[in-house]
1. Of the residues in the stretch 103-137, how many are within 20 Å of the chain's Cα centre (by Cα), open to solvent by 40 Å² or more (accessible area, probe 1.4 Å) and modelled with pLDDT of 90 or more?
2. Tell me, which residue of the stretch 67-98 that is in contact with a helix residue (DSSP H, G or I) (Cβ under 7 Å, 6 or more places away or on another chain) and in a loop (DSSP other than H, G, I, E, B) is most open to solvent (accessible area, probe 1.4 Å)?
3. Looking at the stretch 1-44, which of its residues are open to solvent by less than 10 Å² (accessible area, probe 1.4 Å) and assigned to a loop (DSSP other than H, G, I, E, B)?
4. Give the residue, chosen from Leu60, Leu32, that is in contact with a helix residue (DSSP H, G or I) (Cβ under 8 Å, 6 or more places away or on another chain), more than 23 Å from Leu165 (Cα to Cα) and either modelled with pLDDT under 95 or acidic (Asp, Glu) (or both).
5. Name the residue that is farthest from Phe249 (Cα to Cα), counting only residues in the stretch 159-170 that are open to solvent by less than 10 Å² (accessible area, probe 1.4 Å) and out of contact with any Lys or Arg (no Cβ under 7 Å at 6 or more places or on another chain).
6. Among the residues of the stretch 167-201, write down those that are of a type in the set (A, V, I, L, M, F, W, C), modelled with pLDDT of 90 or more and touching an Asp or Glu at 6+ places or on another chain (Cβ under 9 Å).
7. Looking only at the stretch 234-249, count every residue that is buried (at least 19 other Cβ atoms within 10 Å of the Cβ) and of a type outside the set (Gly, Ala, Ser) and tell me the total.
8. Would you be able to say whether some residue in the stretch 138-158 is at pLDDT 95 or above, open to solvent by 30 Å² or more (accessible area, probe 1.4 Å) and in contact with a helix residue (DSSP H, G or I) (Cβ under 7 Å, 6 or more places away or on another chain)?
Amino acid sequence: MAKKRQRWVVKLGSGILTTRKGRIDLSQIRHLADQIAKLKKKDVEIIVVSSGAVSSGMTLMGLEQRPTKTEALQACATIGQPVLMKSYQNAFAKHELYVAQILLTYWDLDSRKLYQNTQTTLEYLLGLGNCVPIVNENDALSFEELEMLNRFGDNDRLSAHVALLTKADQLVVLSSIDGLLSCPDATGELIPWVPKVDSELKKVAGTTQSQRSVGGMISKLDTADMMIKSSVPMILANGRRPDVLLDIFRGRAIGTLFSKKAPASEKGRK
(Lines give C-alpha, C1' and ligand atoms only; values in the text may rest on other atoms or scores of the structure.)
Protein backbone atom coordinates (compact mmCIF):
# COMPACT_ATOMS: atom_id res chain seq x y z
CA MET A 1 0.00 0.00 0.00
CA ALA A 2 1.35 3.43 -0.95
CA LYS A 3 2.33 5.69 1.90
CA LYS A 4 -0.18 8.47 2.59
CA ARG A 5 0.91 11.83 1.26
CA GLN A 6 1.44 14.42 3.98
CA ARG A 7 0.08 17.94 3.85
CA TRP A 8 1.73 20.73 5.84
CA VAL A 9 0.90 24.38 6.33
CA VAL A 10 4.12 26.29 7.00
CA LYS A 11 3.80 29.75 8.50
CA LEU A 12 6.76 32.08 8.01
CA GLY A 13 6.96 35.08 10.33
CA SER A 14 8.39 38.49 9.48
CA GLY A 15 11.28 37.93 11.87
CA ILE A 16 12.75 35.12 9.80
CA LEU A 17 12.10 36.75 6.41
CA THR A 18 13.89 40.01 7.07
CA THR A 19 17.39 41.06 8.04
CA ARG A 20 18.25 42.93 11.23
CA LYS A 21 17.94 46.15 9.23
CA GLY A 22 14.44 45.14 8.19
CA ARG A 23 15.13 44.31 4.55
CA ILE A 24 13.87 41.15 2.87
CA ASP A 25 16.41 38.38 3.52
CA LEU A 26 16.77 36.85 0.08
CA SER A 27 19.27 34.20 1.17
CA GLN A 28 16.87 33.06 3.90
CA ILE A 29 13.97 32.85 1.46
CA ARG A 30 16.14 30.79 -0.90
CA HIS A 31 17.11 28.45 1.93
CA LEU A 32 13.49 27.93 2.93
CA ALA A 33 12.50 27.40 -0.70
CA ASP A 34 15.25 24.78 -1.07
CA GLN A 35 13.85 22.88 1.91
CA ILE A 36 10.27 23.08 0.65
CA ALA A 37 11.36 21.84 -2.78
CA LYS A 38 13.04 18.83 -1.15
CA LEU A 39 9.94 18.09 0.90
CA LYS A 40 7.77 18.18 -2.22
CA LYS A 41 10.01 15.52 -3.75
CA LYS A 42 9.22 13.42 -0.68
CA ASP A 43 5.48 13.75 -1.41
CA VAL A 44 4.80 16.43 1.19
CA GLU A 45 2.27 18.99 -0.01
CA ILE A 46 3.19 22.45 1.27
CA ILE A 47 1.06 25.56 1.69
CA VAL A 48 3.03 28.59 2.83
CA VAL A 49 1.42 31.29 4.96
CA SER A 50 3.79 34.20 4.69
CA SER A 51 4.16 37.45 6.55
CA GLY A 52 6.52 40.15 5.30
CA ALA A 53 4.43 42.33 2.97
CA VAL A 54 4.22 45.27 5.37
CA SER A 55 7.89 44.89 6.23
CA SER A 56 8.80 44.90 2.55
CA GLY A 57 6.77 48.05 2.03
CA MET A 58 8.34 49.73 5.05
CA THR A 59 11.77 49.08 3.56
CA LEU A 60 10.85 50.55 0.18
CA MET A 61 9.22 53.57 1.83
CA GLY A 62 12.19 54.16 4.12
CA LEU A 63 10.20 53.65 7.34
CA GLU A 64 11.89 52.43 10.51
CA GLN A 65 8.77 51.95 12.64
CA ARG A 66 5.56 50.17 11.81
CA PRO A 67 2.85 52.73 10.95
CA THR A 68 -0.17 53.05 13.20
CA LYS A 69 -2.50 54.70 10.67
CA THR A 70 -4.62 52.38 8.58
CA GLU A 71 -3.85 54.06 5.28
CA ALA A 72 -0.10 53.86 5.93
CA LEU A 73 -0.34 50.14 6.74
CA GLN A 74 -2.33 49.58 3.56
CA ALA A 75 0.27 51.47 1.55
CA CYS A 76 3.11 49.38 3.02
CA ALA A 77 1.28 46.12 2.34
CA THR A 78 0.25 46.93 -1.22
CA ILE A 79 3.72 48.20 -2.12
CA GLY A 80 5.51 45.35 -0.37
CA GLN A 81 3.40 42.36 -1.45
CA PRO A 82 4.60 42.26 -5.10
CA VAL A 83 8.21 42.50 -3.94
CA LEU A 84 7.70 39.66 -1.49
CA MET A 85 6.08 37.45 -4.14
CA LYS A 86 8.84 38.22 -6.62
CA SER A 87 11.37 37.03 -4.06
CA TYR A 88 9.49 33.74 -3.66
CA GLN A 89 9.10 33.37 -7.41
CA ASN A 90 12.82 33.73 -7.97
CA ALA A 91 13.67 31.33 -5.13
CA PHE A 92 11.36 28.55 -6.36
CA ALA A 93 12.10 29.00 -10.07
CA LYS A 94 15.39 27.09 -9.89
CA HIS A 95 13.42 24.09 -8.65
CA GLU A 96 10.98 24.47 -11.57
CA LEU A 97 8.19 25.32 -9.15
CA TYR A 98 5.57 28.00 -9.56
CA VAL A 99 4.13 30.14 -6.79
CA ALA A 100 0.49 31.14 -6.47
CA GLN A 101 -0.59 34.17 -4.46
CA ILE A 102 -3.74 33.90 -2.36
CA LEU A 103 -4.81 36.91 -0.28
CA LEU A 104 -7.43 36.22 2.38
CA THR A 105 -9.49 38.19 4.87
CA TYR A 106 -11.76 37.24 7.73
CA TRP A 107 -14.73 37.70 5.43
CA ASP A 108 -13.41 35.09 3.00
CA LEU A 109 -13.33 32.49 5.75
CA ASP A 110 -16.61 33.58 7.35
CA SER A 111 -18.57 33.23 4.11
CA ARG A 112 -19.51 29.62 3.33
CA LYS A 113 -19.32 30.22 -0.43
CA LEU A 114 -15.96 32.01 -0.31
CA TYR A 115 -14.64 29.40 2.11
CA GLN A 116 -15.56 26.63 -0.33
CA ASN A 117 -14.09 28.56 -3.26
CA THR A 118 -10.80 29.06 -1.38
CA GLN A 119 -10.76 25.38 -0.46
CA THR A 120 -11.38 24.33 -4.07
CA THR A 121 -8.69 26.65 -5.41
CA LEU A 122 -6.07 25.43 -2.95
CA GLU A 123 -6.90 21.78 -3.70
CA TYR A 124 -6.50 22.40 -7.42
CA LEU A 125 -3.18 24.21 -6.96
CA LEU A 126 -1.82 21.41 -4.79
CA GLY A 127 -2.98 18.88 -7.35
CA LEU A 128 -0.77 20.49 -10.00
CA GLY A 129 2.26 19.13 -8.18
CA ASN A 130 4.62 21.90 -9.29
CA CYS A 131 2.97 24.79 -7.49
CA VAL A 132 3.49 26.27 -4.02
CA PRO A 133 0.47 28.27 -2.81
CA ILE A 134 1.53 31.29 -0.76
CA VAL A 135 -1.16 32.78 1.45
CA ASN A 136 -1.10 36.18 3.11
CA GLU A 137 -3.63 38.36 4.83
CA ASN A 138 -5.19 40.86 2.46
CA ASP A 139 -4.40 44.27 3.96
CA ALA A 140 -5.62 46.20 0.91
CA LEU A 141 -9.08 46.75 2.39
CA SER A 142 -11.36 49.68 2.97
CA PHE A 143 -10.72 51.61 6.19
CA GLU A 144 -14.01 50.42 7.68
CA GLU A 145 -13.26 46.76 7.05
CA LEU A 146 -9.75 46.97 8.42
CA GLU A 147 -11.03 48.59 11.61
CA MET A 148 -13.76 45.95 12.02
CA LEU A 149 -11.59 42.91 11.43
CA ASN A 150 -10.30 40.91 14.31
CA ARG A 151 -6.87 40.76 12.71
CA PHE A 152 -5.15 37.40 12.50
CA GLY A 153 -1.99 38.62 14.30
CA ASP A 154 1.06 38.40 12.03
CA ASN A 155 -0.77 35.62 10.19
CA ASP A 156 -0.55 33.20 13.12
CA ARG A 157 -4.29 32.69 13.36
CA LEU A 158 -4.61 32.83 9.59
CA SER A 159 -2.25 29.86 9.34
CA ALA A 160 -4.51 27.90 11.70
CA HIS A 161 -7.57 28.67 9.59
CA VAL A 162 -5.72 27.60 6.44
CA ALA A 163 -4.59 24.37 8.12
CA LEU A 164 -8.16 23.54 9.09
CA LEU A 165 -9.57 24.60 5.72
CA THR A 166 -7.17 22.34 3.83
CA LYS A 167 -7.34 19.45 6.33
CA ALA A 168 -3.58 19.65 6.87
CA ASP A 169 -1.77 16.96 8.80
CA GLN A 170 0.43 19.47 10.57
CA LEU A 171 0.98 23.19 11.09
CA VAL A 172 4.58 24.35 11.34
CA VAL A 173 5.07 27.88 12.66
CA LEU A 174 8.57 29.18 12.03
CA SER A 175 9.59 32.19 14.07
CA SER A 176 12.77 33.81 15.36
CA ILE A 177 12.59 31.89 18.65
CA ASP A 178 13.40 28.25 19.41
CA GLY A 179 9.91 27.50 20.71
CA LEU A 180 7.90 28.27 23.83
CA LEU A 181 10.28 29.21 26.62
CA SER A 182 9.61 29.16 30.35
CA CYS A 183 10.06 32.92 30.95
CA PRO A 184 8.01 35.84 29.54
CA ASP A 185 11.17 37.63 28.34
CA ALA A 186 11.92 34.77 25.93
CA THR A 187 14.53 33.25 28.21
CA GLY A 188 14.54 30.14 30.34
CA GLU A 189 14.17 26.53 29.31
CA LEU A 190 12.41 25.28 26.22
CA ILE A 191 9.02 23.72 26.90
CA PRO A 192 9.12 20.66 24.60
CA TRP A 193 5.48 19.57 24.66
CA VAL A 194 2.22 21.36 25.37
CA PRO A 195 -0.95 19.21 25.45
CA LYS A 196 -3.21 22.09 26.52
CA VAL A 197 -3.17 25.89 26.39
CA ASP A 198 -4.54 27.44 29.58
CA SER A 199 -4.27 30.69 31.54
CA GLU A 200 -1.21 29.49 33.45
CA LEU A 201 0.64 28.77 30.23
CA LYS A 202 -0.24 32.19 28.82
CA LYS A 203 1.54 33.79 31.76
CA VAL A 204 4.86 32.75 30.23
CA ALA A 205 4.05 34.46 26.93
CA GLY A 206 5.99 37.65 26.22
CA THR A 207 5.12 40.51 23.91
CA THR A 208 6.33 41.43 20.45
CA GLN A 209 9.39 43.69 20.44
CA SER A 210 9.80 44.11 16.69
CA GLN A 211 8.47 47.16 14.89
CA ARG A 212 7.94 45.01 11.81
CA SER A 213 5.42 42.47 13.09
CA VAL A 214 2.09 42.44 14.92
CA GLY A 215 2.20 38.94 16.30
CA GLY A 216 3.76 37.59 19.44
CA MET A 217 3.65 34.56 21.68
CA ILE A 218 0.07 35.24 22.74
CA SER A 219 -1.18 34.95 19.15
CA LYS A 220 0.91 31.80 18.72
CA LEU A 221 -0.65 30.26 21.83
CA ASP A 222 -4.12 31.19 20.58
CA THR A 223 -3.23 29.50 17.31
CA ALA A 224 -1.91 26.44 19.14
CA ASP A 225 -5.12 26.28 21.18
CA MET A 226 -7.14 26.14 17.94
CA MET A 227 -4.96 23.37 16.60
CA ILE A 228 -4.99 21.26 19.77
CA LYS A 229 -8.78 21.47 19.98
CA SER A 230 -8.96 20.40 16.33
CA SER A 231 -6.52 17.50 16.90
CA VAL A 232 -4.01 18.90 14.41
CA PRO A 233 -0.42 19.00 15.74
CA MET A 234 1.47 22.29 15.62
CA ILE A 235 5.22 22.76 15.92
CA LEU A 236 6.74 26.12 16.85
CA ALA A 237 10.41 26.27 15.90
CA ASN A 238 13.24 28.61 14.93
CA GLY A 239 13.07 29.28 11.21
CA ARG A 240 16.74 30.20 11.04
CA ARG A 241 17.85 26.81 12.24
CA PRO A 242 19.60 25.11 9.27
CA ASP A 243 17.31 22.60 7.54
CA VAL A 244 14.63 23.03 10.19
CA LEU A 245 11.82 21.77 7.92
CA LEU A 246 13.81 18.77 6.78
CA ASP A 247 14.69 17.89 10.37
CA ILE A 248 11.03 18.07 11.36
CA PHE A 249 10.22 15.71 8.48
CA ARG A 250 12.92 13.33 9.71
CA GLY A 251 11.18 13.23 13.08
CA ARG A 252 13.88 15.04 15.01
CA ALA A 253 12.91 16.71 18.28
CA ILE A 254 12.83 20.43 17.47
CA GLY A 255 10.98 23.34 19.05
CA THR A 256 7.71 23.01 20.93
CA LEU A 257 5.08 20.47 19.94
CA PHE A 258 1.47 21.48 20.66
CA SER A 259 -0.61 18.33 20.57
CA LYS A 260 -2.88 16.21 22.73
CA LYS A 261 -0.71 13.26 21.78
CA ALA A 262 2.70 13.03 23.46
CA PRO A 263 5.77 13.15 21.20
CA ALA A 264 7.26 9.80 20.26
CA SER A 265 10.65 10.78 21.67
CA GLU A 266 11.07 10.95 25.43
CA LYS A 267 14.23 13.00 25.03
CA GLY A 268 12.38 16.26 24.54
CA ARG A 269 12.60 18.76 21.71
CA LYS A 270 15.55 21.08 21.17
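The values are calculated or read from the model by the stated rules, or taken from the named source; none is laboratory data. Note that the structure is a prediction, hence the values are computed from the model and not measured. Backbone-built Cβ (ideal geometry, glycine too); neighbour counts: all protein chains shown. Keep in mind that these areas ignore ligands, DNA and RNA; they rest on the heavy atoms of the full protein, side chains included. Shrake-Rupley method; radii C 1.70, N 1.55, O 1.52, S 1.80 Å.
1. 5
2. Among them, the one singled out is His95.
3. Within the stretch 1-44, Gly13, Gly22 meet the criteria.
4. Details: Leu32 fails: either modelled with pLDDT under 95 or acidic (Asp, Glu) (or both).
Answer to the selection: Leu60.
5. Leu165
6. Ala168, Val173, Leu181, Leu190, Val197
7. Count: 6.
8. no
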